[in-house]
Amino acid sequence: MASSRVILANVAADGLVSKVEHLGLGYLAATLATHGFAARIVDASFHRLRPRETIEQLTSEASGLIGFTVYYNNIRPTLAAIRRLRGNGYRGHITLGGHHATFHAEDILARHPEIDSVVRGEGEGALCDLAAAVAAGSDWRGIANVACRRAGAIVANPCRPLIADLDGLPFPARDPYVGFLREHRI
């Protein structure tokens with residue numbers, strides 16, 4: 001059985017630093033926690049981590065799954081980080097999510113064999129299902145919202161219905177940001 005630890009990462013975009021917490025990753029981490037997974041957020045943009053420091057954070061503890069959020073400005077540095085992870089021997093599951101990955105899933109998978117899957121659309125349910133399948137060592141290729149390679153083809157599974165009651169989601173995990181939030185009284 002693989003590790004039930006999940007790392008959620010936001011790689012810093014070239015030249016851009018954001019001192020805004022990534023609530024999307026916070027909601028994903030909190031949802032994973034309610035399903036029994038230990039999820040840790042590595043927000044390289046917020047914490048101004050250099051590429052080497054980002055890789056160190058991503059490999060500082062064993063994880064069976066790393067999920068990267070990608071958007072237009074950080075796709076290139078994210079892909080570089082993934083290639084470096086694979087080059088350093090990381091053999092766990094790597095998935096992408098976020099709006100850029102959602103709209104470009106097939107192209108990303110066609111061009112980047114180092115990526116195992118893309119979670120499209122709302123990721124809370126799909127990421128929990130993916131984490132469970134990866135941890136159990138079971139087939140994950142049929143999970144709703146997931147795009148992947150199957151039988152030599154790229155397949156985008158149908159998406160589940162949108163979350164009807166957003167108030168049913170747990171409050172976002174804010175651990176990586178607590179010090180900054182307190183210091184600035186946010």
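The values are calculated or read from the model by the stated rules, or taken from the named source; none is laboratory data. Treat the numbers as computed from the prediction; the structure is a model and nothing was measured. Virtual Cβ from ideal backbone geometry, glycine too; neighbours counted across all protein chains shown. Note: accessible area is taken over every heavy atom of the protein model, side chains too, but ligands, DNA and RNA are not part of it. Shrake-Rupley method; radii C 1.70, N 1.55, O 1.52, S 1.80 Å.
Details
- DSSP-assigned coil residues among trypsin sites (Lys or Arg not before Pro) in region 6-88, each with at most 16 further Cβ atoms within 10 Å: 19, 48
- Solvent-accessible area per residue, Å², over the chain with all protein chains present [probe radius 1.4 Å]: 52 Å²
- Region 117-156 pair-distance distribution - Cα-Cα, 5 Å bins, rounded %: 6, 28, 33, 22, 10, 1
- Length-normalised contact order for the chain - Cα pairs under 8 Å, 6+ apart - percent: 25 percent
- For the chain, carbon and sulfur atoms together expose 54% of the accessible surface, with a 1.4 angstrom probe and every protein chain in place.
- Calculated log₁₀ intensity ratio I(q)/I(0) where the Debye formula runs over C-alpha points of region 1-134, q = 0.11, 0.14, 0.21 Å⁻¹: -0.33, -0.55, -1.38
- Residue 80-residue 167 pseudo-label distance in nm [points 7 Å out on the Cα-to-Cβ vector]: 4.6 nm
- Count Lys and Arg as plus one, Asp and Glu as minus one, and take only other residues whose Cβ is under 13 Å from that of residue 174; the net charge is then -1.
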